[in-house]
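One structure is given here, and the rest of the page talks about it.
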Amino acid sequence: MSDVVLTLHSYWAYIVLLILIIAVVNALIKVFGDKEYQAKDFRISLFTLIVSHIQLLIGLILYFVSPKFELWSQLGAEVMKNSLTRLYLVEHPLVNIIAVALITIGYSKHKKKLTSKAKLKPIAIFYTIALVLFLSRIPWSIWLS
């Protein structure tokens with residue numbers, strides 16, 4: 001089962017990154033170009049929120065069904081001494097949960113604003129930080145092979 005969830009988690013990550021990049025670029029262009037907030041911007045930011053939350057759920061399921069999770073009971077604090085194990089069991093999950101929380105905060109803040117620039121600014125800021133966090137904790141050596 002963990003192989004199926006791992007495959008789903010890996011492929012869904014491409015969708016999340018693509019949509020998040022689109023949302024960030026769209027928001028930054030509109031903020032710096034003084035363009036108006038439109039229904040399309042709402043749909044992009046909402047879709048980004050949805051796909052990132054789905055990825056989080058898939059990731060949490062994977063975390064607990066993965067054989068790597070058993071390393072906690074086998075290694076204990078030794079998990080922190082091995083960089084690859086630490087990446088999979090601590091850094092990747094924690095940083096990505098924070099990134100999804102930032103996307104959620106950015107989306108929530110933008111809904112409360114009334115003007116175009118005020119609506120686009122939280123999306124640009126919070127989604128960009130989330131994108132940087134996502135990119136920083138992807139296990140690139142495994143993902144690209």
Original post:
Which distance in Å, rounded to a whole number, links the C-alpha centroids of region 1-36 and region 39-99?
Top reply: 16 Å
Original post:
Ratio of Rg to Rh for the chain, alpha carbon only, Kirkwood?
Top reply: 1.05
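Please arrange M1, M80 by counting, for each residue, the other beta carbons lying within 10 Å of its beta carbon, fewest first. Don't jump to the answer; show the numbers that get you there.
Details: M1 9, M80 12.
Starting with the residue having the fewest Cβ neighbours, the order is M1, M80.
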Original post:
What ranking do V31, V25 get, fewest neighbouring Cβ atoms within 10 angstrom at the top?
Top reply: V25, V31
Original post:
Order of F32, F126 from fewest to most other C-beta atoms within 10 Å?
Top reply: F32, F126
**OP:** Calculate one ³J(HN,Hα) per residue across region 48-64 by plugging θ = phi - 60° into the Karplus curve 6.51 cos²θ - 1.76 cosθ + 1.60, and present them in order as whole Hz with x for glycine and proline.
**Re:** 4, 4, 5, 5, 6, 5, 4, 4, 4, 5, 4, x, 5, 4, 4, 4, 8
Original post:
At q = 0.17, 0.21, 0.25, 0.28 Å⁻¹, what is the log10 ratio I(q)/I(0) for region 1-41, with the Debye formula run over Cα points and no solvent?
Top reply: -0.56, -0.68, -0.80, -0.89
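Only the coordinates and a few stated rules stand behind these numbers; no lab work does. What you are looking at is a predicted structure, and each value in this text was computed from that prediction instead of being measured. Here Cβ is always computed from backbone atoms with ideal geometry, including for glycine, and neighbour counts include all displayed protein chains.
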